[in-house]
Amino acid sequence: MQPATRILITGATGFIGQHLTRRLVEAGAEVRAGVFPEEPPERANRLPEGAVPIPLDVRDPQSVAGAVRSSSPEVVFHLAAVGATEPGIPPLPALRVNVEGTVHLLEALHRQGVQRVVLVGTCHEYGAREAREGLDPFNFYAASKAAAWAFARAYWRACGLPVVTVRLFQVYGPGQPAQTLIPSAIRAALSGADFRMTPGEQQRDFIYVEDVVEGLMAAATAPSIEGESLDLGTGRACSILQAVERIWELTGARGRILAGAIPYRPGEVMRFVADADHTARLTGWRAAVDLEEGLRRTIYEIRRHGDAETRRRGDSG
């Protein structure tokens with residue numbers, strides 16, 4: 001990313017958005033960080049110094065158009081979405097935010113002379129298929145993201161809007177919502193609690209959040225890839241149970257892993273693995289942090305922030 005590049009990020013206060021915003025500010029970009037007007041202040045306050053927050057509600061076409069006019073972006077990262085941590089999200093909220101919100105943004109951008117739009121999707125769009133076999137979403141969140149991709153590709157075909165879609169695999173790392181798998185397992189391990197989980201046979205492509213950020217930047221800068229779809233993953237699978245067991249080993253946890261205490265979700269997809277070679281051919285990017293190193297970093301940050309929280313409360317433990 002060139003210094004002083006004008007950037008607009010939607011969903012900037014989310015888990016990945018915060019990491020991306022920080023990286024872009026460090027690179028010298030002029031970052032406008034879209035903030036949902038009803039966002040809790042503590043989340044908006046986590047944006048790094050140097051990022052300029054602007055109100056942005058993707059459900060409102062006037063809000064989106066105003067944000068685009070005021071930021072005059074050269075590159076846009078579209079991360080704003082609902083349902084990533086709510087697999088049971090109903091269809092109408094998913095439609096309104098993930099599909100209509102994306103169309104509002106694409107419509108506001110297609111006459112602006114933007115250099116690249118990076119649309120962030122999900123591996124769940126594939127369903128039980130391999131990436132090369134096409135999309136087959138199995139819930140409303142995945143369906144809405146697939147529909148957003150279809151509209152983005154149509155804007156590229158019909159209007160020449162330079163869109164690149166990236167599909168994220170099992171992202172983890174510092175700052176991830178506490179209820180998701182890796183942070184919840186780490187917190188249980190550090191506290192000595194038992195950890196209830198499914199049998200854990202699902203194969204997932206775990207990718208560290210800093211690798212995802214570098215993959216997003218590669219998608220924004222690689223030449224001649226407009227209209228393409230890229231997987232952001234390592235290309236390697238690990239079972240969920242193996243990942244949790246490794247957390248137990250790295251922390252010396254005393255609690256029990258209660259595999260099978262929770263049933264699989266209806267329609268659970270048992271394997272997601274990125275086509276990392278395709279992404280590398282188009283962008284030169286590959287993930288650099290393996291699962292063990294990524295878990296070590298995440299454990300360190302959760303332990304460090306937990307200790308800081310304890311000191312703030314004045315607790316002895």
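The values are calculated or read from the model by the stated rules, or taken from the named source; none is laboratory data. Note that this is a predicted model, so its numbers are computed, not measured. Please note: Cβ atoms are built from the backbone with ideal geometry, for glycine as well, and neighbour counts cover all protein chains shown. Surface accessibility is based on the protein's heavy atoms, side chains included, excluding ligands, DNA and RNA. Shrake-Rupley method; radii C 1.70, N 1.55, O 1.52, S 1.80 Å.
The table below gives the values:
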{"read-out": "Accessible carbon and sulfur surface of region 51-147 relative to its total accessible area, %, 1.4 Å", "value": "53"}
{"read-out": "Long-range amide H partners of G121 with built H, under 5 Å", "value": "V166, R167, L168"}
{"read-out": "Along each principal axis, Cα extent of region 204-314, largest first, Å", "value": "54, 38, 23"}
{"read-out": "Average Cα contact separation per residue, region 224-306, under 8 Å, 6 or more apart, as relative contact order %", "value": "46"}
{"read-out": "Accessible solvent surface per residue of the chain, calculated while the other protein chains remain in place, 1.4 angstrom probe, Å²", "value": "47"}
{"read-out": "Rounded to 10°, Cα long-axis angle of helix 209-221 versus longest principal axis of the chain", "value": "20"}
{"read-out": "Rounded, prolate or oblate (a/c below 1.5 giving rounded, otherwise prolate when a/b exceeds b/c) for region 250-299 by Cα gyration tensor", "value": "oblate"}
{"read-out": "Cα-based helix-to-principal-axis angle, 61-71 vs the chain, degrees rounded to 10", "value": "80"}
{"read-out": "Relative contact order (%) - criterion: Cα under 8 Å, at least six apart; region: the chain", "value": "16"}
{"read-out": "Overall dimensions of the chain as given by Cα atoms, namely Rg and Dmax in Å", "value": "19.5, 63"}
{"read-out": "Base-10 log of normalised Debye intensity for region 11-121 (one unit scatterer per alpha-carbon) at q = 0.09, 0.12, 0.14, 0.15 Å⁻¹", "value": "-0.22, -0.39, -0.54, -0.62"}
{"read-out": "Helix 140-159 axis, angle to the chain major axis (alpha carbon atoms, nearest 10°)", "value": "30"}
{"read-out": "Theoretical gain in end-to-end length, A150 to S224 [0.36 nm per residue, Cα-Cα removed]", "value": "24.7 nm"}
{"read-out": "Most to least packed among 263-269, 249-255, 26-32 [average Cβ atoms within 10 Å]", "value": "26-32, 249-255, 263-269"}
